[in-house]
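The next block holds one structure in the form of structure tokens; read it before the comments.
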Amino acid sequence: MIHKAELEQKALNLFSSPKIFRSRSLLAALAIGVLSAVGVNAQPGIRLGAITPISPLYYHKGPLISTPTVYLIWYGNWQQTNRIDNADGQQIVRDFLNAIGGSPYFAINSSLSTGSNVITGNVAFGGETTDTGSQGKILTDLKVGRVVTNAIVSGALPSDPSGVYFVLTSSDIVEASGFCTRFCGFHSHGVLSGTNIKYAFVGNPGRCLRGCAPQVLSPNGNAAVDGMVSIIAHELSEATTDPDGRTGWYDLRHSENADKCAWTYGRHQYRAANGAWANMGWDYLDGNGAFLYHRDFLIQRNTVRVITKTGMQVNYCATSYDPVTKTYLP
Ligand SMILES: [Zn+2]
């Protein structure tokens, strides 16, 4: 069986000179988390992860995204009868992305603001488009780049230097460079007509639930798409704090902020209404403020940077952060 930590992510540069980064530090991080969950912690949940400090991230003087604007490209067939790749599945993704801007979860990234680069913790939603398969059912890294390029060049999505363009594939789509065997998603960037475009691939865990989803019974009753949402959160956090790949925040082992906490879900898990594990949720309201429905999510943790009273910087894995009190939940 493939260890989940090996399935994490990579960053590559497609439009210009291709190069592949892979993080090697995730195994160590996960091992600590598993030990902690088994040995120390008595709270319920899956893959709680460490509460002790983790090795620090360092800033490498490159750009950060102050407030990312998310664009979605639904690739493949999202109108299937498999109970995964359908309109309800798409709405799970939209609802999460509409909720995380300004949330205690995405505020974790604001702890990596620097003097001249303020990360607001907000997220804008820029729009979405569909590509039913212009590059076929077997994608390569190059073809993922082409999907993004086509969406912008065709005018379906605007060209936005603060954008993060997500290629979200249906479960009948392969990413031959290693989706399900080497990674579950990756983020990258490239220059298109003079604009630095940040984008991410997130594959459909319906192809490999055991590899790319944390649980088979999931809060919104769609384990594949619920798993996808956690990977989207991971890649969006990394695209915000290291948009050009190894020029922003990463550690001595070249792990980015979300890599360091990947596949751990923290100490504040609870059971969603259907019994699945969750660690955050929101009420969804109609235009008049009336309650429509509630959704829960199980989202992997992310690195928070805390400055101690003596000025030391200490890093932890967290599920939420309060930038006012500078406190976090592990
Ligand atoms: Zn990552």
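Here's the yes/no breakdown for (1) at pLDDT 95 or above; (2) acidic (Asp, Glu); (3) under 20 Å from Ala213 (Cα atoms); (4) within 14 Å of the chain's Cα centre (by Cα):
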| residue | (1), (2), (3), (4) |
| --- | --- |
| Leu298 | yes, no, yes, yes |
| Asn302 | yes, no, yes, yes |
| Arg305 | yes, no, no, no |
| Lys309 | no, no, no, no |
| Tyr316 | yes, no, no, no |
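Scan the stretch 78-89 and tell me whether some residue there is under 19 Å from His234 (Cβ atoms) and more than 16 Å from the chain's Cα centre (by Cα).
yes
Here is the figure for the stretch 223-258: residues that are near the ligand (Cβ under 9 Å from one of its atoms) and among the polar types (S, T, N, Q) total 3. Hey, does the stretch 173-182 have a residue that's over 25 Å from Pro63 (Cβ atoms), part of a strand (DSSP E or B), more than 16 Å from the ligand (Cβ to nearest atom) and at pLDDT 95 or above? Yes, there is a match, as at least one residue in the stretch 173-182 is over 25 Å from Pro63 (Cβ atoms), part of a strand (DSSP E or B), more than 16 Å from the ligand (Cβ to nearest atom) and at pLDDT 95 or above. Among the criteria (1) of a type in the set (A, V, I, L, M, F, W, C); (2) surrounded by 24 or more Cβ atoms within 10 Å (Cβ to Cβ); (3) free of Cβ contacts under 8 Å to residues at least 24 places away in the same chain, the one Leu209 does not fulfil is (2).
Considering only the stretch 275-295, I want to know if a residue exists there that is touching a residue at least 12 places away in the same chain (Cβ under 8 Å), within 20 Å of Pro56 (Cβ to Cβ) and polar (S, T, N, Q). Checking the stretch 275-295: not a single residue is touching a residue at least 12 places away in the same chain (Cβ under 8 Å), within 20 Å of Pro56 (Cβ to Cβ) and polar (S, T, N, Q).
For Ser218, the criteria (1) buried (at least 20 other Cβ atoms within 10 Å of the Cβ); (2) more than 16 Å from the ligand (Cβ to nearest atom); (3) farther than 17 Å from Gln300 by Cβ hold in every case but one, which is (3). Which one is nearest to Phe106 (Cα to Cα), of the residues in the stretch 277-330 that are surrounded by fewer than 23 Cβ atoms within 10 Å (Cβ to Cβ) and touching a Gly at 6+ places or on another chain (Cβ under 8 Å)? This residue is Pro323.
Which ones in the stretch 54-89 are in contact with a Phe, Trp or Tyr (Cβ under 8 Å, 6 or more places away or on another chain) and exposed (fewer than 14 other Cβ atoms within 10 Å of the Cβ)?
Matches in the stretch 54-89: Tyr58, His60, Ala87.
Asp160 meets the stated requirement of being within 20 Å of Phe125 (Cα to Cα) and either surrounded by fewer than 24 Cβ atoms within 10 Å (Cβ to Cβ) or of a type in the set (A, V, I, L, M, F, W, C) (or both).
Picking from residues in the stretch 259-286 that are of a type in the set (Lys, Arg) and over 23 Å from Asn117 (Cβ atoms), the one that is nearest to the ligand (Cβ to nearest atom) is Arg267. Only one of the numbered conditions (1) crowded, with 19+ Cβ neighbours inside 10 Å; (2) of a type in the set (Val, Ile, Thr); (3) under 24 Å from Gln300 (Cα atoms) is not met by Val118, and that is (1).
Can we say Val191 is in contact with a His (Cβ under 8 Å, 6 or more places away or on another chain) and either outside any helix (DSSP H, G or I) or touching a residue at least 40 places away in the same chain (Cβ under 8 Å) (or both)? Here the answer is no, as Val191 does not meet what is asked. Scanning the stretch 183-204 turns up one or more residues that are under 30 Å from Pro323 (Cβ atoms), away from the ligand (no atom under 16 Å from the Cβ), of a type outside the set (Ser, Thr, Tyr) and at pLDDT 95 or above.
The values are calculated or read from the model by the stated rules, or taken from the named source; none is laboratory data. Please read these numbers as outputs of a predicted model, since none were measured by experiment. Neighbour counts run over all protein chains shown; Cβ positions are idealised from the backbone, glycine included.
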